[in-house]
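Here's the structure we're looking at; comments come further down.
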Amino acid sequence: MLAFYFDLPFYMYRYRTTKCNESEHRFVVMVLIINNLNNGTKFTNNIENRLVNFQRYNHMIRNFIKTAWRNAVKNRTHSAISLISLILGLTFFCLIVLWIKDEMSFDKGFKSADRICRVETNSTKRDGSSSSMPTVGWPVGRALVAEYPEIESLTYMAGWQPIISYNGNKFYEKSFYADRDFFNVFGYELQEGNAATALKEPYSLVITQAIKEKYFGKKEALGKVLMLNDTVPYKITGVLKEQTAQSHLQFDMLGSFSSLLTGNSQNVAQEFSSGWFDINVYNYVKLKPNVNPGALTQKIEGLVLRDGKEAVAATGFKIKLFLRPVKDIYLHSGMPTGTGPIGSAKFLNLFALIGFFILIIACLNFINLTTAKSVERAKEIGIKKVLGSGRRLLIWQFLTESALFCIAAVILSILLVAFLLPVFNAFTGKTFMISMLLSPANISLMLGIIVLIVPIAGFYPAMVLSAYQPIKVLKGSFSHTNSGNLLRKVLVVTQFVISIAFILSTMVIWKQMKFMQKQDLGFDKDKILLVNTTKIPWALRNGNANAFKSDVLKHAGIQSISACWAVPGRTGWNGQFAYPEGRTKEQGSIVEYIPVDNEYVKTLGLKLSTGRDFIANRAEDQQKNLIVNEAAVKDFGWGSADNAIGKKLSTSGKEGVVIGVLKDYHQHGLQDQIKPVVLGIGNGAGVFAIRYSGTDSHNVVNAVRNEWNQVFKGYEFNYKFMDEDFQQQYVKEEKFESFFGLAAFLSIAIACLGLLGLAIYTAQKRTKEIGVRKVLGASVYNIMVMLSADFLRLVLISIVIASPLAWYAMDKWLQGFAYKVTVSWWLFPAAGAVAVVIALITISFHSIRAALANPVNSLRSE
């Protein structure tokens, strides 16, 4: 060891006086120290060899970079095409990944998220059709806790729409009732207050950080009082810590569940004992460790039919319970939860597949253009092989070039993603930020993309180029092989198959959207103003509805006004059980019941098939008479509409008589089959529908707003036009159409960039041939046909392959619509024509340019 310290200065001096740079010098000293620490006084005999290797690898990498840069500059057109293709593909893919990661993050942030489930209800009708609801009957939760030890804790929740009065203003916040076990189940933590008691007492309120700052600023909120619904003081007993995780459970305030029960003890006691069919409360459970939700579902599914048989079994419906893991609610429930947004695993997978296809097209461009230009690098490779470069070294050279190329594309695509984020946020309704794009997880993802792309995009060119035989190359007898030409054709066909499939799909989606927009809905949605009333306390809303209607009707241009619970495009009291005359109770039906007034049918332009409309101030109409649609008549088994008049019908607490039958109309979008609808006179207007004449909608809105401010002073005036409101049901389809249109545009653009690069290369490669043909009398048209024919042939082959694939995919998509278009035969040649025209435009410029070139110059070219 001592000898090392004597000799170290000598070695340092020796390598300092050689042509070592600073990094090489540090490398030598480091090797000396490490080897001597590990081996005592034994010196390393191969230090000089290691230094030589270090210098060799250092120079090799520098040479790789120089070679890559020189080739990029020399072939700047092909390099630019490949780079732009990769940037577009990566940008689209990165945006899709951002969206997918956000969608998949929902409900993953709860403590013990793997053990939390929602108890759901599945009901099966006598005809075998079934539907699921995210809620359960009132007695279910207590029975589950009492009988199943696998459940650690359970919480009750219910919907709530309070109005907050504060400093003379009215506010509406997203709220729920929740019991004291809410925090045990979900694990939310409080910034202020005690989670064990915060939701125990009646009229207790837990708020979020945002609500605290809204009403109290930086002051402590604990113990403060908020006046709800103008009359009920709620004491703030807790403030939640700020939540960053995404969840289907979104709220601003939680009121204690005991508040809902206070003052209605007799009714509540009855609900908890016999309300098995009152399926309107949420139950979430936290299971004990290692409990399988599927196994527990099998145990509890028959609970309602067993314990609630007197209330349920006689109805003819089969009710089963189901445990859905909380992490599956957002993407896999497939139904509105009433607690927050929902997504779709099907669309998530589809969009991921589209993003992957776009990226693949970009990689195929790189492979195609690189191998196409391989002849120009044949001499370089041949000389390197003669000078001693092995195949492995050449493979590393081309992989390094690919890696550098991909890194440049990734960096530029990140910049483009950052630029496009505002547009992407507007499209998705998300709030992605640049900081999210540069998070460690996303940086790792980008590196992972590079690791994946480099082998995919660079390995084949590296293998092809490194396999050249130097003797053939240097003799000038090297040319493209048939297998190489075949590969390029296969890659071009693959690109255009994907692109044409996207074009066809976009055309089908566009056709379906136009069909839905122009379809006769069975009512008149034009020139109807909708004013929402759900943010007004129940008593005030119902007590002043008639006064508001009278005041609005005084204005010129107002034809009629109706106070109702729902209009087409919005849901009434869905899932109501109905028992029609002529059937036993065991043969009931499920209907959508809508409380309306006597102006509803006239205002919306609904058409009666037979019978009559409601008449104002007629006692029978107000108390028991009902109007049904033709779908209800069919479902009830009453035969014709005329036979339905006078029939008795029990539903939604009414023992009614049918006085009229409406022609079928679309209460909901064309995704759904027209289902039984029942109208009855009732209180509880959720919306005012106002029909007006003329074209000056601005004056109508102002007139209605003025009357609103007189009758419902202090409450928000919220309105929409009915045609726009009904169209909201197609938001998902509209985004789907836009997304596919963008995918089609990008895919065809990237494919055509590749086609452009190949067309340029083909024209250059056949320069002498073109010159000879022109000397022999070939026309510009002949030259153009010669250069374009092969590419167009590939596009036509792509059309043949893409057509059945696109037809199958769109046929599956259209099955999600009860009313849909057919995939017309003419769409296939139309999509093909689009692809052919775009391909022709892409290659025509360079074909014409090559055809017009002076043959003398062509024949002189090497």
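The values are calculated or read from the model by the stated rules, or taken from the named source; none is laboratory data. Nothing here was measured: the structure is a model prediction, and the numbers come from that model. No Cβ is skipped: glycine too gets one built from the backbone with ideal geometry, and neighbour counts run over all protein chains shown. What goes into the accessible areas is simple: the full protein's heavy atoms, side chains included, and nothing from ligands, DNA or RNA. Shrake-Rupley method; radii C 1.70, N 1.55, O 1.52, S 1.80 Å.
Accessible area per residue for the range 90-219 in Å², computed with a 1.4 Å probe and the full protein assembly in place, what is it?
Values: 5240 Å² over 130 residues.
Result: 40 Å² per residue.
When we measure straight from the Cα of residue 288, which aspartates and glutamates land under 13 angstrom away, once same-chain ones fewer than 8 places off are left out?
114, 150, 152
Round to a whole angstrom and tell me the spacing of the C-alpha centers of the range 807-843 and the range 682-756.
28 Å
Roughly how many Å² of residue 655 are accessible to a 1.4 Å probe, to the nearest 10?
Taking all protein chains as shown, residue 655 has close to 140 Å².
On the accessible surface of the range 595-736, probed at 1.4 Å, how many percent belong to carbon and sulfur atoms?
Details: 2700 of 6170 Å².
It is 44 percent, rounded to a whole number.
At 7 Å along Cα-to-Cβ for each site, give me the label-to-label distance between residue 408 and residue 80 in nm.
Once both label points are built, they end up 1.3 nm from each other.
Starting from 0.36 nm per residue, how many nanometres of slack lie between residue 459 and residue 332 once their C-alpha separation is accounted for?
41.8 nm
Determine the share of the range 72-224's accessible area contributed by carbon and sulfur atoms, expressed in whole percent, with a 1.4 angstrom probe.
Taking all protein chains in place, the range 72-224 shows 51 percent carbon and sulfur surface.
Taking R0 as 41 Å, what's the FRET efficiency between residue 122 and residue 616 from their Cβ-Cβ distance, rounded to 0.05?
It comes to 0.45.
For a quick protection proxy, order the peptides 747-756, 227-236 by their average other-Cβ count within 10 Å, most packed first.
747-756, 227-236
Whole number in Å², please: accessible area per residue of the range 631-722, 1.4 Å probe, ligands, DNA and RNA not counted.
I get 42 Å² per residue for this part.
Mind ordering 327-336, 622-631 by average Cβ neighbours within 10 Å, highest first?
622-631, 327-336
Give the long-range amide H neighbours of residue 608: residues separated by 5 or more places, or on another chain, with amide H under 5 Å away, using H modelled in the peptide plane at 1.01 Å from N.
Amide H neighbours of residue 608: 663.
Any idea of residue 584's accessible area? Nearest 10 Å², probe 1.4 Å.
80 Å²
Please report the accessible area of residue 612 (heavy atoms, 1.4 Å probe, ligands and nucleic acids excluded) in Å², nearest 10.
Rounded to the nearest 10, that gives 70 Å².
Of 76, 324, which has the most accessible area with a 1.4 Å probe, and how do the rest follow in descending order?
The ordering from most to least exposed comes out as 76, 324.
Using alpha-carbon pairs under 8 Å, 6+ residues apart, how would you state the relative contact order of the range 559-671 in percent?
Relative CO of the range 559-671 lands at 32 percent.
My understanding is that a pair violates if its Cα-Cα distance is over 19 Å; which of 518/602; 101/212; 101/430 do that in this structure?
On the way: 518/602 22 Å; 101/212 30 Å; 101/430 12 Å.
Exceeds cut-off: 518/602; 101/212.
With respect to the cross-link table entries 554/720; 320/654; 170/320; 174/732, which display a Cα-Cα separation exceeding 32 Å?
Beyond 32 Å: 170/320.
In Å², and per residue, what accessible area does the range 330-371 have when probed at 1.4 Å with the other protein chains present?
Working: 1450 Å² over 42 residues.
That works out to 35 Å² for each residue.
Once you put a point 7 Å from the Cα of residue 731 and another 7 Å from the Cα of residue 657, both along the Cβ direction, what distance in nm separates them?
Each label point lies 7 Å from its Cα, and together they span 4.4 nm.
What FRET efficiency comes out for residue 451 versus residue 131 if R0 is 45 angstrom and r is the Cβ-Cβ distance? Round to the nearest 0.05.
0.45
Compute the length gained on full extension between residue 218 and residue 518: take 0.36 nm times their separation in residues and subtract their Cα-Cα distance, giving the result in nm to one decimal.
Value of the extension gain: 102.7 nm.
Which chymotrypsin sites (Phe, Trp or Tyr not before Pro) does the range 770-829 hold that lie in a coil by DSSP with at most 13 other beta carbons within 10 Å?
Hits after loop and neighbour filter: 825, 826.
Could you work out how much longer the chain between residue 640 and residue 844 gets when fully extended? Use 0.36 nm per residue separation minus the Cα distance between them, nm to one decimal.
Contour length minus Cα-Cα distance gives 66.9 nm.
Each label point is 7 Å from the Cα along the Cα-to-Cβ direction; what then is the distance between the points at residue 441 and residue 824, in nm?
Here the modelled spin labels are 4.6 nm apart.
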